[in-house]
1. Which net charge results for the neighbourhood of ARG15, defined as the other residues with beta-carbon distances under 14 angstrom from its beta-carbon, given Lys and Arg at +1 and Asp and Glu at -1?
2. Excluding residues on the same chain fewer than 8 positions from LYS295, give the aspartates and glutamates whose Cα lies under 12 Å from its Cα.
3. In this model, which of LYS27/LYS134; LYS203/LYS339; LYS134/LYS333; LYS134/LYS184; LYS111/LYS297; LYS23/LYS338 are farther than 28 Å apart at the alpha-carbon?
4. Give me THR105, THR159, THR124 sorted ascending by neighbouring Cβ count inside 10 Å, so fewest comes first.
5. What size of dipole, in debye to the nearest 20, comes out for segment 5-171 about its Cα centre when the only charges are +1 on Lys and Arg C-beta atoms and -1 on Asp and Glu C-beta atoms?
6. May I ask you to derive the relative contact order of the chain, considering only C-alpha pairs under 8 Å and at least 6 residues apart, and to give it as an integer percent?
7. Take the chain, drop everything but the C-alpha atoms, weight them equally and run the Debye formula without solvent; then report log10 I(q)/I(0) at 0.13 Å⁻¹ to two decimals.
8. Rounded to the nearest 500, what is the chain's calculated 222 nm mean residue ellipticity when only DSSP H runs of at least 4 contribute -39500 (n - 2.57) each, over all residues?
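Read the figures in this text as sums done on the coordinates, not as results from a lab. The shown structure was predicted, so the numbers you read here are calculated from the model rather than taken from an experiment. FYI the Cβ positions are ideal-geometry reconstructions off the backbone, even for glycines, and counts take in every protein chain you see.
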Amino acid sequence: MSKYLDYHIWHELSRRAIELAIKTDVKNFVVNYENRIISYDRDFDGYVISGMGGSGIVGDIIRDLAYDRIDKNIIVIKDFTLPRHITKGNYLIFSISYSGNTRETIDFTLKALKHGLPIIAITTDGVLEKLCRKYNIPLINVPKATAPRYGLPSLLYSTLTIISSYEKEIISNEEINESIEVQKQVINEVELVRSAAHSINGKIPLIYVPSPIASVGLRFKNDLNENAKVAAIVAVFPESEHNDITIHMLKHDNVIPIVVTSSILNTEYQIHTECIINVIRSYNYDPLVVELKGKYKLSVIMYGITLLGLISLELAYIRGINPIVIEPIDRIKNELSKKLEQFHIC
Ligand code: F6R
């Protein structure tokens, strides 16, 4: 098995996910749930993307993309409860769970269904798939990967394809294509991956990331946690200029600032980036600056997520850590399901 696991086939997973989503033809579905008719071929006021961890990041990415492109709200839910305004609203719900067995996502989906909200599920298997089959809910059955986080393209590109069938302006074909091409290119950045992983080794990364591509920073933190078992902090700016940055007044030898940047960001963000780097340096910190390539926002995001993901795998490799095993996550899922059963919350 390659130390970069499924990353070599990410571009193929992306294309396959688009095909699967088109084939599913969600607008043709009509769900009859307890005598409530739920239709999909209509206009929605917004989109809710629900999921946890490696599945939940899809919502963060699509929210970054939609921010200045569509008039509607993208609401990201990483929880088992529904905000009140959603229960009353005209929203399309995406329930994303790679395994199809994550408690929070299942509970959220069941509650949404009870409120008569239209649901589209994206999963490989599990309770979520069964629920969809039972009620004829649109289901995108994506292929399995080595672990949920390595199957990101399947979850992301299927969700995005469906949203774009409702909101044309969210993405162009050209942008989709470039964002898949960059995934192939990043695999060749072997030297960059190695040297970055060596600089991070033994330190706590403090990831400065601009808000338009905040999902890249969040995903990097999650990958560092899950693959390399390393603690990391995401410092989304400009907000982090008002808090995180003060830590540099002291010399924390175990902290490495990483500044994520891209030339597609507007001048204001470029100025903020420059100022952050200058201030960090003025306190004798040597930040690792990671310039993300790509002409379009999704390309930049996918370039960043792929590159930084590989860095986290390289770091695991250097440290002799198995990146795949995430025992505490499995343990808490088991413990929770036992406790919830005990309290008859299931
Ligand atoms: C990532 C990972 C976790 C899961 C999360 C939710 O590889 O293992 O972050 O993604 O526990 O599980 P799923 O994605 O199966 O709903």
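1. Its environment carries a net charge of -1.
2. Filter leaves GLU174, GLU175, GLU178, GLU181.
3. Going by Cα-Cα distance, LYS203/LYS339; LYS134/LYS184; LYS111/LYS297; LYS23/LYS338 fall outside the 28 Å limit.
4. Details: THR105 30, THR159 25, THR124 20.
Lowest to highest Cβ neighbour count: THR124, THR159, THR105.
5. 440 debye
6. 18 percent
7. Log10 of I(q)/I(0), two decimals: -1.02.
8. The helix contribution divided over the chain gives -15000 deg cm²/dmol.
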